[in-house]
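First up is the structure itself, then whatever we jot down about it.
None of the figures in this text is laboratory data; all of them are computed from the coordinates on show. Predicted model only: the values in this text are computed from it and were never measured. All Cβ positions, even for glycine, are placed from backbone atoms using ideal geometry, and neighbour counts span all protein chains on display.
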Amino acid sequence: YLYYALHEPNFLGQVTNLVGGSTGSHQRINPKGFYNLSIRIPSLSEQLKIASVLSAADKEIETLETQLEAYKLQKRGLMQQLLTGKKRVKIKELSS
């Protein structure tokens, strides 16, 4: 959430107004200005909805990662069988 809050147009506008110094890596925000920045905090019900969506996404990611590992193991096993000659692949001759 914090990543998105820090990239929200309202927040970026606040930062732009506080930036001092020259351009590039020498730009600064003075500490007093930094402590006065405000970040929107969603209501409790909205936080719960966000948490629910993120939880579902985490479960989906976990499922996909598990499937990916299973496919990698299957591939490794098939490659081993092919390389040791335990499994052969029939190749049809190409017609000229």
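Below, the figures for the structure above:
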read-out	value
Residues Tyr4 and Arg28, FRET efficiency given R0 of 25 Å [Cβ-Cβ distance, rounded to 0.05]	0.55
Gain on full stretching of the segment that runs from Gln47 to Val19 - 0.36 nm per residue minus C-alpha separation	7.0 nm
Lysine pair number, Cα distance threshold 25 Å (strictly under), segment 37-96, separation 8 or more or different chains	10
Answer label, with Cα Rg over 2.2 N^0.38 Å calculated from the coordinates and candidates (1) 1.39; (2) 1.19; (3) 2.18	(3)
Length gained when the stretch Leu73-Asn36 is fully extended (0.36 nm per residue, less Cα-Cα span)	8.0 nm
